[in-house]
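Okay, structure first, notes after.
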Amino acid sequence: MNVIITGGTKGLGRAIADSLASQGANLAICARSQANLDDMASTLQASYPEQTIYTHRCDVSKSDQVRTFGQEILSRWETIDVLINNAGVFRPGLLLEEDEQNLSHQIETNLYSAYHLTRLIAPRMVEQKSGHIFNMCSVASLIALPNGGSYSISKFALLGFSKVLREELKTLGIKVTSIIPGATWSDSWAGVELPEERLMQATDIAIAVSAAIQMSPSAVVEDIVLRPQLGDL
């Protein structure tokens with residue numbers, strides 16, 4: 001199984017990468033930090049020496065860098081089984097008070113990156129008549145979060161992108177799944193003084209993704225909504 005993960009060195013992306021690597025997947029991962037990519041590659045390659053672990057430094061808010069990453073993968077792999085558009089950024093703020101760059105940066109990172117990479121990779125899946133695309137949305141795709149501002153706008157848009165993509169690809173053998181997690185321990189919540197059990201673990205999201213991938217070709221999980229047991233924060 002050949003899997004692409006954007007933003008795969010930390011948080012949810014790293015948990016998903018670790019989980020799928022343990023199940024025999026070859027990985028192509030991008031992130032902004034070369035040091036984090038190198039560390040991840042060496043760790044995974046040591047654990048799974050027979051698998052391909054390809055890493056690529058990429059700022060997904062830059063469409064040219066996203067396209068370079070996608071084209072490199074297309075040149076390396078004849079088949080692509082799973083694309084996980086995970087990379088994202090959260091900048092808090094109220095719409096009427098936030099820096100006006102908040103919207104453009106979060107749209108470019110959270111939405112446009114998925115749009116551009118999917119448009120490159122999905123045609124290969126159409127050719128092979130199989131594939132699974134995951135888009136990392138958020139409960140902010142469903143409700144307006146306090147101080148969520150432009151972040152919520154970008155995540156609402158990403159969920160809309162997923163729904164359109166699902167309609168266009170469902171007859172072509174391509175599955176599309178929106179992952180919609182609530183508060184999960186990651187760098188975004190670093191330093192927050194809350195009990196460990198108040199937030200979900202990144203591995204919980206990885207388990208859900210793995211289960212969706214394992215379903216038969218005739219079944220698709222369209223939306224995966226996960227929340228902490230005690231509800232949203």
(request) Go ahead and set up a Gaussian network model of the chain, Cα springs under 10 Å, then flag whichever of 144, 87, 206 fluctuates most. (result) 144
(request) Be a star and scan region 116-151 for residues whose amide nitrogen sits under 17 Å from the point 7 Å along the Cα-to-Cβ vector of residue 96. (result) 145-150
(request) Report, by chain and number, residues whose modeled amide H sits under 5 Å from the one on residue 55, excluding near sequence neighbours (fewer than 5 apart, same chain). (result) 29
(request) Considering Cα pairs under 8 angstrom that are at least six residues apart, work out the relative contact order of the chain and quote it in whole percent. (result) 20 percent
(request) Starting from the Cα-Cα distance between residue 57 and residue 218, subtract it from 0.36 nm times their residue separation and give me the gain in nm to one decimal. (result) 54.4 nm
(request) Go ahead and estimate [θ] at 222 nm for the chain from helices alone: -39,500 (n - 2.57) per DSSP H run with n ≥ 4, summed, over the residue count, rounded to 500. (result) -13000 deg cm²/dmol
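Report the FRET efficiency, 1/(1 + (r/R0)^6), for residue 1 and residue 187, where r is their Cβ-Cβ distance and R0 is 30 Å, rounded to 0.05.
For R0 = 30 Å, the calculated efficiency reads 0.65.
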(request) Taking H placed 1.01 Å from N in the peptide plane, check which residues at least 5 places from residue 131 or on another chain put their amide H under 5 Å from its amide H. (result) 175
(message) Based on the alpha carbons, how large is the Rg to Rh ratio for the chain when Rh follows Kirkwood?
(response) 0.94
(request) Please pull out the direction-averaged projected area of region 33-86, using the convex hull of its alpha-carbon atoms, in nm² to one decimal place. (result) 4.3 nm²
(request) Identify unpaired cysteines across the chain, taking unpaired to mean no other cysteine Cβ lies under 4.7 Å from the residue's Cβ. (result) 137
(request) Across region 84-233, how many lysine pairs, 8 or more positions apart or on different chains, have C-alpha atoms separated by under 16 Å? Please give the number. (result) 4
(request) List the residues whose amide H sits under 5 Å from the amide H of residue 62, counting only those 5 or more places along or on another chain, with H placed 1.01 Å from N in the peptide plane. (result) none
(request) List the equivalent ellipsoid semi-axes of region 65-176 in whole Å, largest first, each obtained as the square root of 5λ for an eigenvalue λ of the Cα gyration tensor. (result) 29, 15, 9
(request) Calculate how large, on average over all directions, the projected area of the Cα convex hull of region 88-147 is; give the answer in nm² to one decimal. (result) 4.8 nm²
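Values in this text are rule-based calculations from the coordinates and carry no lab data. Just so it is clear, the model here is predicted, and its values are computed rather than measured. Every residue, glycine as well, gets a Cβ built from its backbone with ideal geometry; the counts of neighbours run over all protein chains shown.
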